[in-house]
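Student: Before I ask anything, let me first share the structure, which is written out below as C-alpha cells.
The values are calculated or read from the model by the stated rules, or taken from the named source; none is laboratory data. All values derive from a computational prediction rather than experimental measurement. Cβ atoms come from the backbone with ideal geometry, glycine included; neighbour counts cover every protein chain shown. The protein model used for the area step is the full one, side chains on, heavy atoms only, and it has no ligands, DNA or RNA in it. Shrake-Rupley method; radii C 1.70, N 1.55, O 1.52, S 1.80 Å.
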Amino acid sequence: MTDHPLGPPSSPAPEPLPGPVSTPAPTWGPPQNHQPWTPSAAPYGQAPTPQSDIPYTPPAPPPSRNPYAPTQGPAETPYGRPSPPPSAGRDLSPPTVNPYAPSASSGSDPPYGPPAPTGSGPSYGPPVDTGSGPPYGLSVPAGNGPSYGPPAPAGSGPSYSPAQPMGNPYGQGAWPAATPQALGDAIAPRKARGTTKIVLIVALSLVVLLAAGLTTWWFVARPSILSPTNLQAGEPETPTASNWSVPLLGAGGTDFSTGMAFASWLTDTTVIRAQKEGVLAYELKSGEQAWRTPPPGEHVCGATPDLFEGKGAFAYGTEKVCDHLAGIDAATGKITWRIEIPTRKASTQAGLMVPGLMSTNGMIIVETDDTLTAYRLSDGGRQWAKPMPNKCHLDDANAGPGRVVALVNCGSPKKNSVQVIHPRTGDVAGNFPIGELPLQRAVLSAKPIVIQREINGKNVFTHFAAAGKVSEFTTGRVDLLTQNGVVFVEGVLEQRRYAVHGDRLYLTTSSEKMARTGGTKNTALAFDLKTGRRLWESSATQDVMLTYIRADDQGLLTLEAGERHTVAPRLVRLDAATGKAHEVAKLPLEYAGEGRRAKVFERAGTVITLPWSAAYGHKAVSYITTTAS
C-alpha cells in the first residue's frame, strides 16, 4: 500500500519545563453538596401533553427494556415512551428505542450474559473470565464500596483509599432484557440500500400507531430514529458499500442530553463513542458493534478526551451527582477499576455539574471546584491533589503533553497567574502573572500555552513559553463558542474551533448567515504566536462551516461540513503559507451537516464524524471512505 497523500500528523519537539516554584501548602475541604439535576425535556415515563382537547386514557405502559442485556422473549414494539418507574427503587431503564444494540444477525449473545435474577440487583465486582458468565457477576457484600481513608496530614490534600471492587453504589435492581429484533434495521449500521425496507417499516409503524389510538399521535409527528439514514427529498444519494453509519439516540427530540457524547476515541480497528448511555465500540471495516459497556451507575457523565496505551476512563453517577470514575480497556470494553471522586456543585438547581476530565502522560486530571487531582490511568490510584492557594480560585485548566496548565484567580490583577504543573508529581514548574481575568477566559491550549480572555469586547490571546510571556495580541470577531455544550450540563471539558501547531494558532471567524443556501459559513484565520501577527484568512473554500481535523507542517486539514440537501461536504487542506484551500476528497451529500459540531477523524482518506449531541447531527457515527484528489 502506498503512503496516503495526507501523511501522518507531525509532533513538535517537547518543550522543557522550567524549574519548580514553591507554592503554599494545599488545603482540602469536604465535597460540596449538590442540587438535583432536572433535565430540560419531559422525564422518562411521562407522555407529553397532547395537542388536542379530546380526553384520552393512556395505554398500559410496555415493559421497559435495556439496550445492554441479551435478547430474551418475543419482540416488542419500539413505539411509545419508557414505562413509569416502580414504586420501590429507582428505574434505571434507558430510553425505549435503542439503536445501539448488536445486530440481530450476529448470532451471538451480548458480552454481558443473561440478566441477574429478579430483585437481586447487579453487582459490579472486578472483571472475571468465567468463560460464559458476565464479567461483573461477582457478588460483593453490601457496603463494600470504596471508602475514604484516614484524614490526610495538613497540607497533603485529600486522601482516598486505593481503587477496590465495589457493589452498585445506587442499589438498583437488574436491568430487564431487551429484544434487538424489535428494532430491525434501526439497530444495525446503515449501508447503501433501496427503499423497500423503508416502506415496510413505515407501513408497520402506522398499523401499530393506529391500534394504540390517539395517545401516540405525537410520536409520529416528530422525526424518529427509525427514519432511514439517507432519507431525503427525491432519490437518496447512494454511498459506496464500504460506508456505514449508526443512528444517533435522541435525534429529532428535544432532550439533547440523550445520546450526548463526552469523548470519542479511535483505535487501529474500532471507533469508540463514550456517551451518556454507555461506551460503545464499532468495527471500522463493517460498522458492527465490537463491544458495549453500560455505566455501573445511571449515566456516563464524563470521559477522558484521549486514550493512553489503549486505556481510557469515564465518569458516572446519577442525574443528581457525578461522583465515580472507572477505567476501561479500549480493546475489550472491560472496566478495569472503579473509584469514588470528589464532586462539584452546580450553579443552578436544574443543572448537573460534571467533573472536568483531562489526560496526559498516563494520568487522569480531574478538575473539581478549586482542586486538581491526578489519578493513574493504569489502576485508578490517586497520584496527587492540588488545591488552589488560600483565597484563590481555579478559573480553568487544560492538559497537554508533559504538562497541566491552570488559570488561577486570586481576585486581583497583580495576583492572578498561570501555573504550569508537572502531571506526574503535581509540582509547579512555572508561575506567570496574567493580569485581569474577566468572565470570559480559558486555557485554550496547554502546549503551546495560549490563554484567551475577552477584555472590553475584544479577544485577547497571550502566549507563554518556559521563560515567560512571548506575545499578547487581539483579534477581530472569532468563534470561541463551546462545540459540545448541552443545557443543564456544566463542567465538561469544552471543545472549541481552534488548532495549534508549533508557533501557529488557527482560529475561525464568527459564523455568518448565507442568503443563497440559508446556512452559515466561516473562514479560517492563521496567527503567528511569536509576533501575534495575522498571517492569512482562508480562501477557495465553500460557503459552509469549517471543522478542523488536525494541523501539521503542510497546513490545516479541514472538513467543509456542507449544508443538508444542498451542499456536499469536502475534505480540504489549507496551505500553511497562503491559506488557500486544496480539495482532497468529496463526500456524499447525505453526510452534509454531520461534521458541523463533531469530533472528526481522518485516516488514509477515510473520514469519521461523531456529532457531540443530537442538537448537531442525526448519526452517532458516520464512516465515509473517499478517493483522494
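Student: Being open to solvent by less than 10 Å² (accessible area, probe 1.4 Å), at pLDDT 95 or above and within 25 Å of Gly259 (Cα to Cα) narrows it down to one residue among Ile549, Ile624; which is it?
Tutor: Unique residue meeting the criteria: Ile624.
Student: Given the condition of a type in the set (Ser, Thr, Tyr) and open to solvent by 10 Å² or more (accessible area, probe 1.4 Å), answer yes or no: does some residue in segment 437-453 qualify?
Tutor: Within segment 437-453 (the criterion being of a type in the set (Ser, Thr, Tyr) and open to solvent by 10 Å² or more (accessible area, probe 1.4 Å)), the answer is no, since none of the residues qualifies.
Student: Among the residues of segment 531-548, what is the count of those that are part of a strand (DSSP E or B) and in contact with a Phe, Trp or Tyr (Cβ under 7 Å, 6 or more places away or on another chain)?
Tutor: Of the residues in segment 531-548, 3 are part of a strand (DSSP E or B) and in contact with a Phe, Trp or Tyr (Cβ under 7 Å, 6 or more places away or on another chain).
Student: Then there's this: Residues to consider are Thr517, Thr474, Thr508; find the one that is surrounded by 18 or more Cβ atoms within 10 Å (Cβ to Cβ) and not basic (Lys, Arg).
Tutor: Criteria check complete, one pass: Thr508.
Student: From the list Gly381, Gly400, pick out the single residue that is more than 23 Å from the chain's Cα centre (by Cα), open to solvent by less than 50 Å² (accessible area, probe 1.4 Å) and on the phi < 0 side of the Ramachandran plot. Steps first, answer last, please.
Tutor: Working: Gly400 fails: more than 23 Å from the chain's Cα centre (by Cα).
Only one candidate qualifies: Gly381.
Student: Hey, another quick one. Tell me whether segment 285-296 contains one or more residues that are of a type in the set (Phe, Trp, Tyr), surrounded by 24 or more Cβ atoms within 10 Å (Cβ to Cβ) and assigned to a strand (DSSP E or B).
Tutor: The answer is no, given that none of the residues of segment 285-296 is of a type in the set (Phe, Trp, Tyr), surrounded by 24 or more Cβ atoms within 10 Å (Cβ to Cβ) and assigned to a strand (DSSP E or B).
Student: Give the number of residues within segment 589-611 that are open to solvent by less than 20 Å² (accessible area, probe 1.4 Å) and assigned to a loop (DSSP other than H, G, I, E, B).
Tutor: Residues in segment 589-611 being open to solvent by less than 20 Å² (accessible area, probe 1.4 Å) and assigned to a loop (DSSP other than H, G, I, E, B): 5 in total.
Student: Right, here's the next one. Step by step: first the residues of segment 301-324, then only those that are within 23 Å of Ala446 (Cβ to Cβ) and aliphatic (A, V, I, L, M), then the one that is nearest to the chain's Cα centre (by Cα). Which residue is that?
Tutor: The extreme case among them is Ala303.
Student: Quick one: which of Leu589, Leu574 is over 19 Å from Ala540 (Cβ atoms) and aliphatic (A, V, I, L, M)?
Tutor: Leu589
Student: Only one of (1) touching a Leu at 6+ places or on another chain (Cβ under 6 Å); (2) not in a strand (DSSP E or B) fails for Asn390. Which number is that?
Tutor: Only one criterion is unmet by Asn390, namely (1).
Student: Continuing with the same structure: Condition test on Ala614, is it open to solvent by less than 20 Å² (accessible area, probe 1.4 Å) and not in a strand (DSSP E or B)?
Tutor: yes
Student: If Thr368 satisfies every condition in (1) more than 29 Å from Ala290 (Cβ to Cβ); (2) surrounded by fewer than 24 Cβ atoms within 10 Å (Cβ to Cβ) but one, which is the exception?
Tutor: In the conditions (1) more than 29 Å from Ala290 (Cβ to Cβ); (2) surrounded by fewer than 24 Cβ atoms within 10 Å (Cβ to Cβ), Thr368 misses (2) alone.
Student: If you scan segment 551-587, which residues turn out to be assigned to a loop (DSSP other than H, G, I, E, B) and more than 25 Å from the chain's Cα centre (by Cα)?
Tutor: Asp553, Gln554, His565, Thr566, Ala568, Ala576, Ala577, Thr578, Gly579
Student: I'd like the full set of residues that are in contact (Cβ under 8 Å) with a residue 40 or more places away in the chain, farther than 18 Å from Met358 by Cα and not in a strand (DSSP E or B), limited to segment 418-439.
Tutor: Hit for segment 418-439 is Leu437, nothing else.
Student: Can you find, within segment 269-300, the residue that is nearest to the chain's Cα centre (by Cα) among those that are among the charged types (D, E, K, R) and more than 16 Å from Ser257 (Cα to Cα)? Give the derivation first.
Tutor: Going through segment 269-300, the residues among the charged types (D, E, K, R) turn out to be 273, 276-277, 283, 285, 288, 292, 298.
Retained after the next criterion (residues that are more than 16 Å from Ser257 (Cα to Cα)): 283, 285, 288, 292.
On the way: Glu283: 19, Lys285: 23, Glu288: 21, Arg292: 16 Å.
Ranking the candidates gives Arg292 first.
Student: Give me a count of the residues in segment 454-471 that are open to solvent by 20 Å² or more (accessible area, probe 1.4 Å), closer than 20 Å to Ala526 by Cβ and touching a residue at least 60 places away in the same chain (Cβ under 8 Å).
Tutor: 2
Student: Which condition number in (1) over 26 Å from Lys599 (Cα atoms); (2) at pLDDT below 95; (3) touching a Gly at 6+ places or on another chain (Cβ under 6 Å) is the one that Pro389 fails?
Tutor: For Pro389, the failing item is (3).
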